[in-house]
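The values are calculated or read from the model by the stated rules, or taken from the named source; none is laboratory data. This structure is a prediction, so every number in the text was calculated from the model and none was measured. All Cβ positions, even for glycine, are placed from backbone atoms using ideal geometry, and neighbour counts span all protein chains on display. Keep in mind that these areas ignore ligands, DNA and RNA; they rest on the heavy atoms of the full protein, side chains included. Shrake-Rupley method; radii C 1.70, N 1.55, O 1.52, S 1.80 Å.
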Amino acid sequence: GTLTLMEVRRWTNRSLPQTLQIANILLYIDAFFLVIGILGGPKGFGGIGMLLLVLSVVAYLVGGLGLANEEKRGYILAVVASFSPFILRAYISFAVERFDLLYIIGLRSPLNLLFEAALVALLLHSQSQRYVSTWFK
């Protein structure tokens with residue numbers, strides 16, 4: 001088949017299991033705060049770093065829309081987006097700073113890590129995966 005743009009019918013979906021409903025909201029919240037961070041002018045980012053930030057925002061938003069509209073590719077994008085903070089920190093650690101595993105994992109900012117891990121856990125939860133495999137198209 002041909003690749004088509006996802007049809008946006010809704011931003012949230014109350015019929016999703018609770019794990020995916022919460023993940024859906026967290027994706028939008030993460031996108032919002034990442035945009036605020038970008039507008040605040042991240043320091044030390046070159047072109048590739050800024051591109052990764054913008055791609056992360058898009059992944060959060062499109063992933064959230066994909067969840068709400070029960071699209072498998074949206075779910076996959078949401079999972080990729082949930083790992084983007086770790087990918088961004090790895091990029092910064094290797095390209096801008098010196099290698100810092102505690103920074104990459106997120107242990108230097110435990111509150112952020114808590115929300116990042118929660119999003120990953122919600123999306124990869126067995127209830128979420130069962131629902132996606134059964135009902136998403």
**Item:** Residue tally, condition of a type in the set (Gly, Ala, Ser) and modelled with pLDDT of 80 or more, over the range 36-57
**Value:** 2
**Request:** Only residues that are at pLDDT 80 or above and not in a helix (DSSP H, G or I): list them for the range 1-35, please.
**Result:** ARG9, ARG10, TRP11, THR12, ASN13, ARG14, SER15, LEU16, PRO17
**Asked** Would a scan of the range 95-110 turn up a residue that is without any contact (Cβ under 8 Å) to a residue 24 or more places away in the chain, open to solvent by 30 Å² or more (accessible area, probe 1.4 Å), closer than 18 Å to LEU26 by Cα and assigned to a helix (DSSP H, G or I)?
**Response** yes
**Request:** Name the one entry in ILE38, ILE92 that is more than 15 Å from THR19 (Cα to Cα), over 16 Å from the mean Cα position of the chain (by Cα) and outside any loop (DSSP other than H, G, I, E, B).
**Result:** ILE92
**Message:** Tell me yes or no: at least one residue of the range 66-73 is more than 17 Å from GLN127 (Cα to Cα), in a helix (DSSP H, G or I) and within 18 Å of the chain's Cα centre (by Cα).
**Reply:** yes
**Odd one out for SER82 among (1) within 16 Å of the chain's Cα centre (by Cα); (2) open to solvent by less than 20 Å² (accessible area, probe 1.4 Å); (3) at pLDDT below 90; (4) among the small types (Gly, Ala, Ser)** = (3)
**Fill in**
How many residues of the range 74-94 are under 18 Å from SER126 (Cα atoms) and in contact (Cβ under 8 Å) with a residue 40 or more places away in the chain? The answer is 5
